[in-house]
Amino acid sequence: METKKLKVTYYDEKDILYLQILPPRPARVDETKYGLIVRYNWDKPDEVVGFECLDFSLLIPHLAEPGVVPQLDLRFDVEGTTLLNVTLTEVLHWAYERYVLRRPTVAQPYPLPASIVREKPETDYKP
């Protein structure tokens with residue numbers, strides 16, 4: 001079975017996952033349960049050209065439910081990764097692990113207590 005090259009983009013601030021099967025093509029859309037949008041080639045209505053999910057993190061707990069992920073005979077190589085010959089469900093799990101669970105945390109600057117802050121060492125010890 002031929003694999004399709006897939007470009008994955010995640011918009012953290014809006015929790016939107018966009019999966020584009022390359023090369024890009026104009027598309028019409030259809031929505032599955034829990035907001036997974038399937039993009040179909042405008043000129044060839046049976047050809048899937050991508051996926052989009054608004055509120056991506058809310059979709060993940062429902063992936064195994066019928067009707068959430070369309071049953072497709074497609075495999076993907078994810079651009080810029082080592083993911084090769086994977087299913088749509090595998091891509092969605094990978095994206096959740098990478099973009100939602102491993103989101104970088106923003107360190108909050110907390111001032112150190114005065115008892116910890118020292119302007120100079122207490123001794124002039126040199127090893």
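The values are calculated or read from the model by the stated rules, or taken from the named source; none is laboratory data. No experiment lies behind these values; they were computed from the predicted model shown. Neighbour counts are summed over all protein chains in view; Cβ atoms, including those assigned to glycine, are modelled from backbone coordinates with ideal geometry.
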Which of the residues spanning segment 1-43 are more than 18 Å from the chain's Cα centre (by Cα) and assigned to a strand (DSSP E or B)? 3, 27, 28, 29, 30, 31, 40, 41
Count, please, the residues in segment 26-41 that happen to be at pLDDT 95 or above and surrounded by 14 or more Cβ atoms within 10 Å (Cβ to Cβ). 6
Applying the selection to segment 42-85, what residues are in contact with a Ser or Thr (Cβ under 9 Å, 6 or more places away or on another chain), buried (at least 18 other Cβ atoms within 10 Å of the Cβ) and either among the aromatic types (Phe, Trp, Tyr) or modelled with pLDDT of 95 or more (or both)? 76
